[in-house]
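Below is one structure, written out as structure tokens; comments come after it.
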Amino acid sequence: MPQPAAAIISDTDRLAAVYQLKIHLLGISPQICRRVLVKGDTTLAELHHVFQVVMGWDNWHLHSFKLWGKEYGMPYAGGIYFADDARRVHLGDFPWRVNDKFTYTYDFGDYWLHQVRLEKVLPPTTLVNHPVCVSGRRACPSEEVGGPEGYNQRTLDQFGWAYEARDRVLAGEDIRDDDVPTWFWTFRPEHFDKGQVNQKLAKVYQLKGNPDFLCSQGSYDYFFADLKS
């Protein structure tokens, strides 16, 4: 049965609309997730950097999207070939409906698979400038940790040490010389700072459309050095 005319979204409207996406990192519990608002005219090349920033990744590795049964991504040296240029494919090019899903894979070695669900389609006035993270839960895993299985073991090890260390401190022992990995002291798996994420998104948006940046692969540290950690 044909849709009522009011339910049909034109190509122009899809590009102008604002999409609320929930990004959920699979294979880890409790859930690590983010909600972000992006415009329909965001290219997949730009969306990759948005996802990297909101999740907390460092852009060290290859990635790919899978939308409507087709793979998209940037053809970095040593990577895989994609039939379409991600700098010319927009999020709003697809006929999305609320609750539609797609995937984003980062680091084909550790294989971080993200499920992305369209939660809302909002009017263009919802978002004036750059993409915005509206909520999130828990810290992103560190790079090179071995995928979900490695991350789960890492946090279990850290928790076990912290639990034991607390009892030792209460007993008057000095744990500062413990021979443990540095991240035992520094990694906070429950930490998420929405304000800092949005500061970073604002800086990334300054480079929107810059082909050198969109094609770049490597750490963002130099670009965010002036932001409070």
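Tabulated values for the structure
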| quantity | calculated |
| --- | --- |
| Filter result for Val134 (of a type in the set (Val, Ile, Thr) and closer than 19 Å to Gln52 by Cβ) | yes |
| Filter pass, Pro148 being touching a residue at least 60 places away in the same chain (Cβ under 8 Å), farther than 22 Å from Tyr205 by Cα and assigned to a loop (DSSP other than H, G, I, E, B) | no |
| Neighbours by Cβ (under 8 Å, 6+ apart or cross-chain): first from segment 162-183, in contact (Cβ under 8 Å) with a residue 40 or more places away in the chain; second surrounded by 12 or more Cβ atoms within 10 Å (Cβ to Cβ) | Trp183/Ser142; Trp183/Arg154; Trp183/Gln158 |
| Filtered residues of segment 72-91 (kept if outside any loop (DSSP other than H, G, I, E, B) and closer than 23 Å to Cys33 by Cβ) | Tyr72, Leu91 |
| Output for segment 151-193, where each listed residue is farther than 28 Å from Leu227 by Cβ, of a type in the set (A, V, I, L, M, F, W, C) and either assigned to a loop (DSSP other than H, G, I, E, B) or touching a strand residue (DSSP E or B) at 6+ places or on another chain (Cβ under 7 Å) (or both) | Ala171, Ile175, Val180 |
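Quick note: the coordinates plus some simple rules give every number you see, no bench work behind them. What you see is a predicted model, and the numbers here were worked out from it, not measured in a lab. Backbone-built Cβ (ideal geometry, glycine too); neighbour counts: all protein chains shown.
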